[in-house]
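Colleague: Before I ask anything, here is the structure I am working with.
The values are calculated or read from the model by the stated rules, or taken from the named source; none is laboratory data. Given the structure is predicted, the values throughout are model-derived calculations rather than measurements. A quick note on method: Cβ atoms are made from the backbone with ideal geometry, for glycine too, and the neighbour counts reach across all protein chains shown.
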Amino acid sequence: MNFEFATAQRIVFGSGRLRELPSLIQGMGKRAALVTGSSAERIMPVFQALKKQGGNPASFSITGEPTTERISALARQARELGCDFVVAFGGGSVIDAGKAIAALLTNTRDLMDYLEVIGKGEPLTAEPAPCIAIPTTAGTGAEVTRNAVLLSTEHQVKVSMRHPLMLPTVALVDPELTLSMPPETTASTGLDALTQLLEAFVSSKANPLTDGICREGLAKVARALPRAYANGNDLAAREDMALGSLFGGLALANAGLGAVHGFAGPIGGMFSAPHGMVCAALLAAVYSTNVRALQERDASGSALEKYREAARIMTGSRNAEIADGLQWLNDLATQMRVPGLADLGIAEADFPTIVEKARKASSMKGNPIQLTDKELAAILANSFHLPVNHQSTM
């Protein structure tokens, strides 16, 4: 029963609370590095709020995945411009970029010194610059995680810059900012949130506090995601999705993830595919493979019971069994038009490389049971074409 729990210094949640930004940045610094996506119209209110407050913002745009080269260049520019705090306003990629830039403002060694897997994985030596994270999607929970996922084009893999000090100073979550998400983005980000909650729940590093957060988050996302997908203006559904995403971030930052995200990092580095859809394509196959491996090699452990409990939460049925949860995931993937790995540009010839890279991924360490290379390859094969019904294999 020994565990630790860490999160952002302050979480501000609620519809319309973006208006509190001017007061939240007081005392953070003299010049903001405003890290955003590409929509100038959405950015303007935040830019004006910072300017009015005397933040004298310098704007930096992230389009697509934040690469190691781009982050190194932006951090250098931000230092040269005298930026001493960061406001990250956008989706998960933007917030990850903001957290990395905040860390590199004060830790000025080469980025590779701090990166996991492909770098030295050295710890930060100085506290990052203050950072306020404002998500405009509901999926990654990056506003309360202690890492930044970056793409190395050279190594064709996504890796993390990770340190407890990288938790944002303030997480400002306003569900109204997600109302403009189209259905496909709602599905991709929402399925990522669902995956993170499920993986953190069954993780080998879970604890009683993350379990409670995951139970609440799974219940909210399972009910709200189909509603938000069907009607983007359903504010109650958007609020539940924003909260579920936040809970997913809280959980994964303290309990880790599993094989889905172990695969997603290498696949995201090798192919241009939406992260949430990659996770959704893999989720059912990882679910069934983990369950089968647990039944064969660790039937007396707690993970199987957690899968059963997750099935009951997701389906809303107190009598649901593990197979019912798998069927629910398959039905949701069909409803949200989740593509198979083949439709995301992956070929069967890529499987050995993906397995090799996934084996080294940090997320794989949280999987509830260690999977063999044969099992990992089978997950890719069973995710190749969707919809796939694995119920008969359990």
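Colleague: Answer yes or no as to whether ALA293 is more than 23 Å from the chain's Cα centre (by Cα), modelled with pLDDT of 95 or more, among the hydrophobic types (A, V, I, L, M, F, W, C) and surrounded by fewer than 17 Cβ atoms within 10 Å (Cβ to Cβ).
Modeller: The answer is no for ALA293.
Colleague: Determine, yes or no, whether GLY325 is assigned by TED's automatic domain parsing to the domain that holds SER204 and not in a helix (DSSP H, G or I).
Modeller: no
Colleague: Another one. For the stretch 264-314, which positions are part of a helix (DSSP H, G or I) and either charged (D, E, K, R) or on the phi > 0 side of the Ramachandran plot (or both)?
Modeller: Listed by number, the residues that qualify are ARG292, GLU296, ARG297, GLU305, LYS306, ARG308, GLU309, ARG312.
Colleague: In addition: What are the pairs, 6+ residues apart or on separate chains, where a residue within the stretch 345-358 that is among the polar types (S, T, N, Q) has its Cβ under 9 Å from a residue that is in a helix (DSSP H, G or I)?
Modeller: Sorted first by the residue in the stretch 345-358, then by its partner, the pairs are THR353/PRO266; THR353/MET270.
Colleague: When you go through (1) touching a residue at least 40 places away in the same chain (Cβ under 8 Å); (2) out of contact with any Gly (no Cβ under 6 Å at 6 or more places or on another chain) one by one for ALA299, which number turns out not to apply?
Modeller: Result: ALA299 passes all but (1).
Colleague: A further question follows. Which condition does GLY265 not pass, out of (1) modelled with pLDDT under 95; (2) over 20 Å from VAL149 (Cα atoms), if it passes all the others?
Modeller: The one condition GLY265 does not meet is (2).
Colleague: On to the next question. Would you mind telling me which numbered condition in (1) of a type in the set (Asp, Glu); (2) under 18 Å from THR315 (Cβ atoms); (3) buried (at least 24 other Cβ atoms within 10 Å of the Cβ) ASP240 fails?
Modeller: Here ASP240 clears every test but (3).
Colleague: Now for a separate question. Keeping to the stretch 331-364, report how many residues are assigned to a helix (DSSP H, G or I), out of contact with any Asp or Glu (no Cβ under 7 Å at 6 or more places or on another chain) and either surrounded by 18 or more Cβ atoms within 10 Å (Cβ to Cβ) or of a type in the set (A, V, I, L, M) (or both).
Modeller: Total satisfying the criteria: 12.
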